[in-house]
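Below: the structure, in structure tokens.
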Amino acid sequence: MTTVLVVDDDQHIRQLLCLYLEDEGMDIIEKSNGADAWDYYCNHPVDLIILDIMMPQMDGWELCRRVREAGDKPIMMITAKGEAPERIKGFRLGTDDYMVKPFDPMELVMRVKALLKRYRISISQIVKLGQVTLDKTSYQIRLKDTGSSESIPLKEFELLFLLASYPGKLFKRDALIEQIWGYDYEGDERAVDTHVKRLRERFAAYEQDFKIVTIWGLGYRLEVYRD
């Protein structure tokens, strides 16, 4: 699933963006200031960043600069500052697009899709792991060799789908807990280990297609051997 980090100290703007982008099948992470957004970005997978300029703790200029220096991720600025010097500054710092408030939500959605297409980032709800296909629209798993479909426990599916959406990427246990179980989870983080063990047992026959690898002391990553 495509993950979009929305950073704005205006709760109504964040809610508006969530409403429209989630309807397009995107997963939205909300942050109200640049410092929290930067911390999240450094520790979690993000496909695209939408950010405001005037925010507490760290403004959008600095956040944009850091994200651009850290890698090649699509960035969109949305701000009340629409003057030419502000736009020029934004593009010089590395933003890919720039929209001025108030904006048409559908226009923003189309621009987000264009950015994702430019960066070749898929919005698909389907992930293929060799003979195993994960379909998040129905939470079904299709097995090509048997022609059958099956369901597995929800948390197992969500964990496998997240790992499979970013093959080769290391996920720390605490990051997996946050994204699968939620911020208010009070259980043992070893729940991740238990679910990984069950997934390995469940898909042992498909180790030639993919495998969940343990990075000792850190977390897990999924390796795909056959598309």
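The values are calculated or read from the model by the stated rules, or taken from the named source; none is laboratory data. The shown structure was predicted, so the numbers you read here are calculated from the model rather than taken from an experiment. For neighbour counting, all protein chains shown are included, and Cβ atoms are generated from backbone atoms with ideal geometry for every residue, glycine included.
Data overview
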item: Which listed residue is crowded, with 16+ Cβ neighbours inside 10 Å, more than 30 Å from L163 (Cβ to Cβ), in contact with a helix residue (DSSP H, G or I) (Cβ under 9 Å, 6 or more places away or on another chain) and not aromatic (F, W, Y), from M99, M106; result: M99
item: Any hit, the range 187-204, residues being of a type in the set (S, T, Y) and touching a residue at least 60 places away in the same chain (Cβ under 8 Å); result: no
item: Residue that is nearest to N43 (Cα to Cα) [pool: residues in the range 182-215 that are charged (D, E, K, R) and in a helix (DSSP H, G or I)]; result: D193
item: All positions within the range 32-50 that are touching a helix residue (DSSP H, G or I) at 6+ places or on another chain (Cβ under 7 Å) and closer than 14 Å to I78 by Cα; result: G34, L48, I49, I50
item: Qualifying residue in the range 127-139 (condition: in contact with an Asp or Glu (Cβ under 7 Å, 6 or more places away or on another chain), surrounded by 14 or more Cβ atoms within 10 Å (Cβ to Cβ), assigned by TED's automatic domain parsing to the domain that holds F210 and assigned to a loop (DSSP other than H, G, I, E, B)); result: yes
item: Checklist (1) in contact (Cβ under 8 Å) with a residue 40 or more places away in the chain; (2) assigned to a loop (DSSP other than H, G, I, E, B); (3) among the polar types (S, T, N, Q) applied to Q179, failing item; result: (2)
item: Subset of the range 98-123 (residues that are in contact (Cβ under 8 Å) with a residue 40 or more places away in the chain and assigned to a loop (DSSP other than H, G, I, E, B)); result: K101, Y119, I121, S122, I123
item: R198, sole failed condition from (1) over 21 Å from the mean Cα position of the chain (by Cα); (2) crowded, with 17+ Cβ neighbours inside 10 Å; (3) among the basic types (K, R); result: (2)
item: Those residues of the range 7-22 which are outside any loop (DSSP other than H, G, I, E, B) and in contact with a strand residue (DSSP E or B) (Cβ under 8 Å, 6 or more places away or on another chain), in sequence order; result: V7, I13, R14, L17, C18, L21, E22
item: Residue in the range 210-218 that is charged (D, E, K, R) and at pLDDT below 95 present; result: no
item: Test: residue in the range 35-49 that is under 30 Å from G182 (Cβ atoms), acidic (D, E) and surrounded by fewer than 17 Cβ atoms within 10 Å (Cβ to Cβ); result: yes
item: Given (1) of a type in the set (D, E); (2) at pLDDT 95 or above; (3) farther than 28 Å from G219 by Cα; (4) not in a helix (DSSP H, G or I), index of the condition E30 fails; result: (3)
